Structures are given as C-alpha cells and as structure tokens.
Amino acid sequence: MNQTITHQLNHRAIRRFTDEKVPEAMLETLAQVVNRTATSVGMQSFSVIRVKEPVLRSQIAAIGRQDYIQQIPEFWIFIVDCYRNAMVAREQGYHLGTEGDMDRFFQGWTDACLAAQNLLNAVESFGLGGNFYG
C-alpha cells in the first residue's frame, strides 16, 4: 500500500490542536494544492478565505458553538464563487447571464468540495490533522 492510501485510511477528524504555527512554506504548498485541484468544468468556481485573526475565529466559534475553532492555527473557508468568473468574462466582453443559475452554483459547490478534500489530503500528508467544519 502506498503512503497516500495509508493516510486516507488513517484519516480522523481532529478537533484538538497545538498552538504551533504552520510554516509559511507549507502554507504556500497547500495553497498550490488547492489551486491545482481538478474542477467539474475547469472553472474553479470557488474561493478560499483564510481566517487569520484570532478575534474572527473566536466569533465564528461562538456563532457555530464549536470552541475548538478558537485554537486552530489555520482556518480556511471554501465558498462557491460564480461572481468572480462572471466578472472575468465581462472584462473579456462576454455577458452570459448564467452566473446566478443553479447549474453554476452546483459546479462551484462541487469545485469547493474537491478543493477542500484535496487540501485535507495534503495537510494529512504533512503529518498534520484537520477536519471539516460544515
């Protein structure tokens, strides 16, 4: 069995974290993994918000009633983002008018899910832990 499969079979949702920062080089690699994730129609109809401020993480933890969010060293939010691609198309002179339809939304949702799972696989390959906060 190869190392990737071993990591996937040993996956566990982690909700206790150290206060150790993730090295910048590792964060850059993780961002590259997200950016190179296969997408449903090649549009990468998602965006990632990296929440760095402890105050914001505390507020999110309070709203979601998940105290562990206050302690995590990294908190990345994956969202559907059809707007960005619509703006790129408009800048190129295309006005498709489809950015608000359900097909585009579900393509973005699929893309965000693929990227999030790809990120978690990469995180675990570095020997770190993580989980999905839905």
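The values are calculated or read from the model by the stated rules, or taken from the named source; none is laboratory data. Small disclaimer: the values here were computed from a predicted structure and weren't measured. Positions of Cβ are backbone-derived with ideal geometry, glycine not excepted, and every protein chain shown enters the neighbour counts. SASA here: full protein model, heavy atoms, side chains in, ligands and nucleic acids out. Shrake-Rupley method; radii C 1.70, N 1.55, O 1.52, S 1.80 Å.
Structure data summary
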read-out: Selected residue (criterion: farthest from residue 29 (Cα to Cα)) from residues of region 110-129 that are outside any helix (DSSP H, G or I) and touching a residue at least 12 places away in the same chain (Cβ under 8 Å); value: 129
read-out: Residue within region 10-26 that is charged (D, E, K, R), under 21 Å from residue 117 (Cβ atoms) and under 13 Å from the mean Cα position of the chain (by Cα) present; value: no
read-out: Those residues of region 25-41 which are of a type outside the set (A, V, I, L, M, F, W, C) and open to solvent by less than 90 Å² (accessible area, probe 1.4 Å), in sequence order; value: 29, 32, 37, 39, 40
read-out: Cβ-Cβ under 8 Å pairs, at least 6 apart or on other chains, region 41-62 side at positive phi, far side open to solvent by 80 Å² or more (accessible area, probe 1.4 Å) and modelled with pLDDT of 90 or more; value: 44/35
read-out: Test: residue in region 52-72 that is modelled with pLDDT under 95, open to solvent by 60 Å² or more (accessible area, probe 1.4 Å), closer than 30 Å to residue 98 by Cα and among the β-branched types (Val, Ile, Thr); value: no
read-out: Selection within region 73-101 - hydrophobic (A, V, I, L, M, F, W, C) and either in contact with a Leu (Cβ under 8 Å, 6 or more places away or on another chain) or open to solvent by less than 70 Å² (accessible area, probe 1.4 Å) (or both); value: 75, 76, 77, 78, 79, 80, 82, 86, 87, 89
read-out: Residue count, region 80-128 (criterion: farther than 13 Å from residue 45 by Cα and either among the aromatic types (Phe, Trp, Tyr) or in contact with a Lys or Arg (Cβ under 7 Å, 6 or more places away or on another chain) (or both)); value: 2
read-out: Near pairs, Cβ below 7 angstrom, 6+ apart or cross-chain, from region 1-24 (surrounded by 10 or more Cβ atoms within 10 Å (Cβ to Cβ)) to any residue that is among the aliphatic types (A, V, I, L, M); value: 17/72
read-out: Residue list for region 27-38, filter: under 13 Å from the mean Cα position of the chain (by Cα) and not small (Gly, Ala, Ser); value: 27, 30, 32, 33, 34, 35, 36, 37
